[in-house]
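S.K.: This is the structure I have questions about; it appears just below.
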Amino acid sequence: NYGSKNYQYEMYIDSDIYYEFKSLDHDLTDEYDWPDGYARFTTPDEQYVINLANDLNSIAVSEGFTDLETSNFILSFVQTIDYKVDNYTNYQGIQEYPKYPIEMLWDGQGDCEDSSALYASLMEALGYDAVLLLFLGDIDGHAAIGVSVPGATGKSYRYSGLDYYYAETTDTGPSIGDDSPYYFPGLDMSQSSYTYNV
């Protein structure tokens, strides 16, 4: 759903590609490797990502969307995928299991770093500039995306001379530049602990 209109999209996912990515190392036990570690899960150059991004962009073009509306339309697509933390997905017992975009699409669920990797991949595939935002606290953490898009306003983070507008990927409703609807105890989201160019 975007605006007042419902959209449906069906895609074919090659099981060989899915199992190829699923077999890769997903370990993120080294805290100091987190920015690089999380960023490696963005895959904007994979053909299935490019195809999906182009299909969504074609819908946006047919609707006459601006760049900002297109970015929000694609964000709404990602937001509709079920949010489930790793302990409650089909990877039960694994505290942290970041997924590649193809895994989130195949599983139909994921948490903040998974949806962030998917959204960043789609945006980068279309030529938009996106950064990974990691917020680390004593108790909890959160991942989101910052996107540089014309016409955006609201919450932003300055990085390498550009303003990247906050994109919450885990909940339906928030648009680019909106604050996160969640409260994370002990987590300062006024600035990103890590801002990483993907």
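The values are calculated or read from the model by the stated rules, or taken from the named source; none is laboratory data. Because the structure is a prediction, the values reported are computed rather than measured. Don't worry about glycine lacking a Cβ; one is built from the backbone with ideal geometry, like all the others, and counts go over all protein chains shown.
S.K.: Look through the range 61-112, keep the residues that are β-branched (V, I, T) and farther than 25 Å from N6 by Cα, and return whichever of them is modelled with the highest pLDDT. It would help to see each step written out before you state the result.
M.R.: First pass over the range 61-112, keeping only residues β-branched (V, I, T): 61, 66, 70, 74, 78, 80-81, 85, 89, 94, 102.
Okay, now just the ones that are also farther than 25 Å from N6 by Cα, so 85, 89, 94.
Working: V85: 78, T89: 48, I94: 47.
By that ranking, first place goes to V85.
S.K.: Let me ask another. Going by the conditions given, is D171 in a loop (DSSP other than H, G, I, E, B), in contact (Cβ under 8 Å) with a residue 12 or more places away in the chain and within 13 Å of the chain's Cα centre (by Cα)?
M.R.: When the stated conditions are applied, D171 passes them.
S.K.: Kindly provide the set of residues from the range 160-176 that are surrounded by fewer than 19 Cβ atoms within 10 Å (Cβ to Cβ) and in contact with a Phe, Trp or Tyr (Cβ under 9 Å, 6 or more places away or on another chain), ordered by number.
M.R.: D163, D171
S.K.: Further question: For the range 106-114, does any single residue satisfy the condition of being in a helix (DSSP H, G or I) and of a type outside the set (D, E)?
M.R.: Yes, the range 106-114 contains a residue that is in a helix (DSSP H, G or I) and of a type outside the set (D, E).
S.K.: Could you tell me whether A130 is out of contact with any Pro (no Cβ under 6 Å at 6 or more places or on another chain) and surrounded by fewer than 24 Cβ atoms within 10 Å (Cβ to Cβ)?
M.R.: no
S.K.: Sticking with this structure for a sec: How many of the residues in the range 168-195 are of a type outside the set (G, A, S) and at pLDDT below 80?
M.R.: 10
S.K.: Test D129 against the criterion of being at pLDDT 95 or above, closer than 23 Å to I50 by Cβ and among the charged types (D, E, K, R), and give yes or no.
M.R.: In short, yes.
S.K.: For a quick check of your reading of the model, give me the residue pairs whose first member lies in the range 137-165 and is under 17 Å from Y182 (Cα atoms) and outside any strand (DSSP E or B), whose second is of a type in the set (A, V, I, L, M) and at pLDDT below 95, with beta-carbon atoms closer than 6 Å and at least 6 apart or on different chains.
M.R.: From residues that are under 17 Å from Y182 (Cα atoms) and outside any strand (DSSP E or B), the pairs are G137/L187; D140/L187.
S.K.: Does L52 satisfy the condition of being modelled with pLDDT of 95 or more and in contact with a strand residue (DSSP E or B) (Cβ under 9 Å, 6 or more places away or on another chain)?
M.R.: Taking the combined requirement at face value, the residue does not satisfy it.
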